[in-house]
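J.: First the structure, which I've put down as structure tokens, then a few questions once you've had a look.
The values are calculated or read from the model by the stated rules, or taken from the named source; none is laboratory data. In this text, all values refer to a predicted model and were calculated from it rather than measured experimentally. Cβ placement follows ideal geometry from the backbone for every residue including glycine, while neighbour counts extend to all protein chains displayed. Quick note on the areas: whole protein, heavy atoms, side chains included, nothing else; ligands and nucleic acids left out. Shrake-Rupley method; radii C 1.70, N 1.55, O 1.52, S 1.80 Å.
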Amino acid sequence: MTAGTTTIAPRTTAEHELAALQRDHGRPLFALLLRLSDGDRQRAEDLVQETFVRAWQHPEALRADDFDSVRPWLMTVGRRLAIDARRARQARPAEVGDRILDNARICADHAERSAATLDVREAVKTLTPEHREVLVLVYFQGASVAEAAAALGIPPGTVKSRAYYALRALRRVLPGYAADLR
């Protein structure tokens, strides 16, 4: 043997048997597991691989004289693995992809929200009393235009006009919040 030359160990009998199992039973097993995986090829391939790992770990089951073929044993193991995998997926919450996280709304923390509330309160104090009344009724108390008009004893058009001018005044006083006031 010369320097730098390596020899490859011959395959063991177990490797030959496993290769024969995959060749003889791999396609029908994959077809079954693909159906049980709702068409998810990656999951089905993983289950086929896990089934053959179980076969490799339990050679005594493959050599039992109780049956003519190992296919029923492989199918049963694969089916049980698929059922266990489905139960495991149902037991945990669904995974969230990156695309959903990128589009998720970012919520401000309580300190930022409290600071914003104080800023808005101070800005509302700068409004005229008429504009402030309409803004408080419509935007803070959730009254409709008709309800605000009835409560204030003014026409609905005046409520709309005052709300418009109140928001415009707030945009000038709160330039950092302009997007929130549209």
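J.: Going by Cα centres, segment 110-182 and segment 16-61 are how many Å apart?
T.: Using only Cα atoms to place each centre, the spacing works out to 66 Å.
J.: Considering the dipole of segment 123-182 built from charges on the beta carbon (Lys and Arg +1, Asp and Glu -1) around the Cα centre, which of ALA150, PRO175, TYR139 is farthest to its positive end?
T.: Comparing the listed Cα positions along the dipole, PRO175 ranks first.
J.: With a 1.4 Å probe and all protein chains kept in place, how do PHE52, PHE30, PHE140 rank by accessible area, largest first?
T.: PHE140, PHE30, PHE52
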